Amino acid sequence: MDNDRYKEIANAQSYTVGDITTFVPTITDRQYQRGYIERCFVQKANDSSSNIFEVSVSEINRYKGNPFYIQTKLDWRITGDPIEVKKSNSTSLQLASEDIPKIALYLPNLLQFHKK
């Protein structure tokens with residue numbers, strides 16, 4: 001661990017977040033017209049087996065720069081050909097897994113919220 005990272009963690013008293021408010025997206029007609037939604041997730045940084053929480057786009061900002069939490073965002077397709085939607089969402093999960101390695105376990109249904 002480098003010295004800058006240690007100093008950041010050692011001075012982390014100001015990073016209290018409190019309870020995590022989980023979020024389940026409610027898809028609007030406008031989002032279906034756009035074809036995708038942005039989804040945000042957080043997980044404790046020191047435990048890759050800890051729970052993954054979906055949070056709202058506005059809530060994710062509470063975790064920015066907080067060394068105790070890892071956060072990631074992904075674009076989630078919700079319209080189109082089911083095969084293409086699965087491919088796209090799988091790619092989004094692969095990218096997000098660079099931040100939160102086990103996120104695919106949290107989102108096993110690649111067609112969640114899908115509408116033809």
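The values are calculated or read from the model by the stated rules, or taken from the named source; none is laboratory data. Computed from a predicted structure; not experimentally measured. Note: ideal-geometry Cβ built from the backbone for every residue, glycine included; neighbour counts use all protein chains shown.
A Cβ distance below 8 Å, combined with a sequence gap of six or more or placement on separate chains, defines the contacts here; from the range 82-110, residues that are closer than 10 Å to I52 by Cα reach residues that are charged (D, E, K, R) in the pairs Y106/E54.
How about the range 85-102: which of its residues are over 24 Å from T26 (Cβ atoms) and either modelled with pLDDT under 95 or not aliphatic (A, V, I, L, M) (or both)? Spell out how you get there, then give the answer.
Looking only at the range 85-102, we keep the residues that are over 24 Å from T26 (Cβ atoms), and these are 87, 91, 94-95, 97-99, 101-102.
Correct list: K87, T91, Q94, S97, E98, D99, P101, K102.
Of the residues R5, R39, the single one that is basic (K, R), in a helix (DSSP H, G or I) and either modelled with pLDDT of 90 or more or surrounded by 10 or more Cβ atoms within 10 Å (Cβ to Cβ) (or both) is R5. Would you be able to tell me the number of residues in the range 59-81 that are free of Cβ contacts under 8 Å to residues at least 40 places away in the same chain and polar (S, T, N, Q)? Going through the range 59-81 one residue at a time, the tally reaches 3.
Scanning the range 51-60 for any residue that is under 14 Å from the mean Cα position of the chain (by Cα), closer than 22 Å to K115 by Cβ, at pLDDT 90 or above and part of a loop (DSSP other than H, G, I, E, B) turns up at least one such residue.
Look through the range 61-92, keep the residues that are of a type in the set (S, T, Y) and in a strand (DSSP E or B), and return whichever of them is nearest to K116 (Cα to Cα). If we take residues in the range 61-92 being of a type in the set (S, T, Y) and in a strand (DSSP E or B), then T79 is nearest to K116 (Cα to Cα).
For the range 79-98, the set of residues classified as in contact with a strand residue (DSSP E or B) (Cβ under 8 Å, 6 or more places away or on another chain) and surrounded by 15 or more Cβ atoms within 10 Å (Cβ to Cβ) consists of T79, V85, S88, N89, S92, L93, A96, listed by residue number.
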